[in-house]
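S.K.: My questions will all concern the structure given below.
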């Protein structure tokens, strides 16, 4: 082959160029990433341990301040739940709504597995009697409890001077004022409430009649409406009041009658008309 041919052959020959592969840089994890991952793991473990682990499952529910079997049974529904996931406000709201005798509930957590319910029942300020029902009212007129008793007599009539009236009251409520509803309308604790100011009027009248006028009250009567009430005293007198007016103004009328014509009173004193007093 001539020199010219060799040159052509060299010019047509494919030339291959080989490049050395570059090394990939190593992935570097910054210390901050390690810290964030560690914190996330710790937080996850804490959340699981506090809210989902069996360590904080409620195993004991202690109820104080009430012996109501229904309430004790209701409290057991919290057993088996996580102590931190139970809402104290929801517990109190549910119990107060379902049990009218309870005013409020104080809730305490005993870590890790105990919850305590301290129940505060409504105080009984007045006993409302309707046929065979005894309804216990607090100072606001809210009925806390209704019980049935076969030992109440029928509503008294005017003719018998209330001699047949009798009712068995629990011993711890013996000193509580009694109000007879002569209409005998049944009482539902959830839907029945005495008018605002009625209970305070009865309490004030009863105390004043006993301490100021030496006229202890046996019981009160409601005949047609709670706007009017009559007190039956141990002397046998009846004193009629208007519960829509302050007791102070009617006290003055009662004092005037007793001081000027007390010896002539044998049956009743009626103070329902403002500025007037009638007696027999």
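S.K.: Could you check segment 55-77 and list, in sequence order, the residues that are in contact with a strand residue (DSSP E or B) (Cβ under 6 Å, 6 or more places away or on another chain), more than 18 Å from residue 123 (Cβ to Cβ) and surrounded by 16 or more Cβ atoms within 10 Å (Cβ to Cβ)?
M.R.: The answer is 56, 58, 61, 63, 75.
S.K.: Something else about it: Given 179, 199, which one is farther than 30 Å from residue 61 by Cα, in a strand (DSSP E or B) and modelled with pLDDT of 90 or more?
M.R.: 179
Here is a yes/no grid of residues against (1) modelled with pLDDT of 90 or more; (2) under 26 Å from residue 140 (Cα atoms):
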| residue | (1), (2) |
| --- | --- |
| 205 | yes, yes |
| 213 | yes, no |
| 226 | no, yes |
| 232 | yes, yes |
| 264 | no, no |
| 269 | yes, no |
| 275 | no, no |
| 280 | no, no |
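S.K.: When the residues of segment 245-265 are filtered to those that are farther than 14 Å from residue 208 by Cβ and in contact (Cβ under 8 Å) with a residue 24 or more places away in the chain, which remaining residue is farthest from the chain's Cα centre (by Cα)?
M.R.: For segment 245-265, the residue satisfying everything is 265.
The values are calculated or read from the model by the stated rules, or taken from the named source; none is laboratory data. Being a predicted model, the structure only gives us computed values, none of them experimental. All Cβ positions, even for glycine, are placed from backbone atoms using ideal geometry, and neighbour counts span all protein chains on display.
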